[in-house]
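First, the structure itself, so that you have it in front of you.
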Ligand code: TA6
């Protein structure tokens, strides 16, 4: 494990040349370079890498509360808490993996009164990155949580990018008070601020215009929704950890259980998986 600025970091390397960086704080993937040497995730040059602060970019793990949908700090505590590095290795298919764990503590129970165990497994292939979040209810009472893998994809220019696969899907538009609409477009282009929860989104989406003029295919399991977010110029100005026109180089497409919580009985377990794959030109 090496350190970047003030935080320890786990570096994953694949024989193809692909690389990924995972911070135990937040179990946060904050770098994914494919075998061609193209960085696939956006991370702000102004991001803080400090204990207790969320990294601006990469894949923040949102748990146990999505956004401000409850009494916890925004997006919950998982992204700002140090997880344990429980192991690293190589899968039979050659993927390099790392496993991180988080369990309840006095500090988490003060915010959220539940006993739990969470695991995040990251697996890096030549042109793919898989992230699996597993949560177990280790307590005696029922628990409910919302969550997301808040993925910041790096795009060449968000005005020329689009998310494909959402036509006909109902969405809650946070910019219009959470009102529900139905997506009419086959390709959701971004020409201004966007903050939507696509409810029950298909498990396969394609993001056109990703970095290096490629497309990225996103496949998900166990995560019903897909959040699409870009703060645009004004929203980005309000974020101290985002520089000038950086909003043009990012598009968040976030597999989530945001509209409805996951319910776990004592002893119950839930798993949500996101697989990102670099596709042909597009
Ligand atoms: O997932 C979209 C969202 O909830 C937006 O509303 C926006 O606030 C974004 O997350 C980033 O939140 P953050 O707390 O990281 O600034």
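The values are calculated or read from the model by the stated rules, or taken from the named source; none is laboratory data. Values in this document were obtained by computation on a predicted structure and should not be read as measured data. Here the Cβ positions follow ideal geometry from the backbone for every residue, glycine too, while neighbour counts run over all protein chains shown.
Looking only at the range 173-187, decide whether some residue is within 24 Å of residue 39 (Cα to Cα) and in contact (Cβ under 8 Å) with a residue 24 or more places away in the chain. Spell out how you get there, then give the answer.
Taking the range 173-187 first, the residues within 24 Å of residue 39 (Cα to Cα) are 187.
Still in the list and also in contact (Cβ under 8 Å) with a residue 24 or more places away in the chain: 187.
The answer is yes, given that some residue of the range 173-187 is within 24 Å of residue 39 (Cα to Cα) and in contact (Cβ under 8 Å) with a residue 24 or more places away in the chain.
Also: So, in the range 196-216, of the ones that are within 16 Å of the ligand (Cβ to nearest atom) and surrounded by 20 or more Cβ atoms within 10 Å (Cβ to Cβ), which residue ends up farthest from residue 170 (Cα to Cα)? Please lay out each step first, then the result.
Going residue by residue through the range 196-216, those that are within 16 Å of the ligand (Cβ to nearest atom) are 196-199, 201, 205, 207.
In the following step, the residues that additionally are surrounded by 20 or more Cβ atoms within 10 Å (Cβ to Cβ) were identified as 196-198, 201, 205, 207.
On the way: 196: 10, 197: 8, 198: 6, 201: 8, 205: 15, 207: 19 Å.
Among residues in the range 196-216 that are within 16 Å of the ligand (Cβ to nearest atom) and surrounded by 20 or more Cβ atoms within 10 Å (Cβ to Cβ), the one farthest from residue 170 (Cα to Cα) is 207.
Does any residue in the range 42-62 that is without any contact (Cβ under 8 Å) to a residue 60 or more places away in the chain come within less than 7 Å, Cβ to Cβ, of a residue that is in a loop (DSSP other than H, G, I, E, B) and more than 12 Å from the ligand (Cβ to nearest atom) six or more places away or on a different chain, and which pairs are these?
Filtered contacts from the range 42-62: 49/5; 49/6; 50/6; 51/6; 55/49.
Sticking with this one: Just give me the residues in the range 36-57 being within 24 Å of residue 244 (Cα to Cα), in contact with a strand residue (DSSP E or B) (Cβ under 9 Å, 6 or more places away or on another chain) and more than 11 Å from the ligand (Cβ to nearest atom), in sequence order.
First, the residues of the range 36-57 that are within 24 Å of residue 244 (Cα to Cα): 38-50, 53-57.
Within this subset, residues satisfying the condition of being in contact with a strand residue (DSSP E or B) (Cβ under 9 Å, 6 or more places away or on another chain) are 38-44, 47, 49-50, 53-57.
Those that are within 24 Å of residue 244 (Cα to Cα), in contact with a strand residue (DSSP E or B) (Cβ under 9 Å, 6 or more places away or on another chain) and more than 11 Å from the ligand (Cβ to nearest atom): 38, 39, 40, 41, 42, 43, 49, 50.
Oh, and also: Tell me which strands (runs of 3 or more DSSP E) are completely within the range 1-100 and hold 2 or more residues being within 14 Å of the chain's Cα centre (by Cα), or say none if there are none.
19-23, 28-33
Residue check, residue 88 against (1) touching a strand residue (DSSP E or B) at 6+ places or on another chain (Cβ under 6 Å); (2) in contact (Cβ under 8 Å) with a residue 60 or more places away in the chain; (3) within 30 Å of residue 280 (Cβ to Cβ); (4) away from the ligand (no atom under 14 Å from the Cβ), all met but one. Which one?
That leaves (3) as the condition not met.
Among what's in the range 158-168 and is surrounded by fewer than 19 Cβ atoms within 10 Å (Cβ to Cβ) and in contact with a strand residue (DSSP E or B) (Cβ under 7 Å, 6 or more places away or on another chain), pick the residue that is nearest to residue 188 (Cα to Cα).
We begin by selecting, within the range 158-168, every residue surrounded by fewer than 19 Cβ atoms within 10 Å (Cβ to Cβ); these are 159-160, 164, 167-168.
When the remaining residues are screened for being in contact with a strand residue (DSSP E or B) (Cβ under 7 Å, 6 or more places away or on another chain), the result is 160, 164, 168.
Working: 160: 11, 164: 6, 168: 11 Å.
Result: 164.
Looking at the range 59-75, is at least one residue within 20 Å of residue 156 (Cβ to Cβ), within 13 Å of the ligand (Cβ to nearest atom) and buried (at least 19 other Cβ atoms within 10 Å of the Cβ)? Break it down stepwise before answering.
So in the range 59-75, the residues within 20 Å of residue 156 (Cβ to Cβ) come out as 59.
From what's left, within 13 Å of the ligand (Cβ to nearest atom): 59.
Filter again for buried (at least 19 other Cβ atoms within 10 Å of the Cβ), leaving 59.
Yes, the conditions are met somewhere in the range 59-75.
Can residue 79 be described as out of contact with any strand residue (DSSP E or B) (no Cβ under 6 Å at 6 or more places or on another chain), within 15 Å of the ligand (Cβ to nearest atom), closer than 24 Å to residue 155 by Cβ and touching a residue at least 24 places away in the same chain (Cβ under 8 Å)?
On the way: out of contact with any strand residue (DSSP E or B) (no Cβ under 6 Å at 6 or more places or on another chain): no; within 15 Å of the ligand (Cβ to nearest atom): yes; closer than 24 Å to residue 155 by Cβ: yes; touching a residue at least 24 places away in the same chain (Cβ under 8 Å): yes.
In short, no.
Hey, another quick one. More than 15 Å from the ligand (Cβ to nearest atom) and modelled with pLDDT of 95 or more: which single residue out of 193, 234, 246, 219 fits that description? Working first, answer last.
Values: 193 fails: more than 15 Å from the ligand (Cβ to nearest atom); 234 fails: more than 15 Å from the ligand (Cβ to nearest atom); 246 fails: more than 15 Å from the ligand (Cβ to nearest atom).
Matching residue, one of 193, 234, 246, 219: 219.
Continuing with the same structure: Quick one: residue 219 ticks every box in (1) within 24 Å of residue 127 (Cβ to Cβ); (2) touching a residue at least 60 places away in the same chain (Cβ under 8 Å); (3) surrounded by fewer than 20 Cβ atoms within 10 Å (Cβ to Cβ) except a single one, so which number is it?
Condition not satisfied by residue 219: (2).
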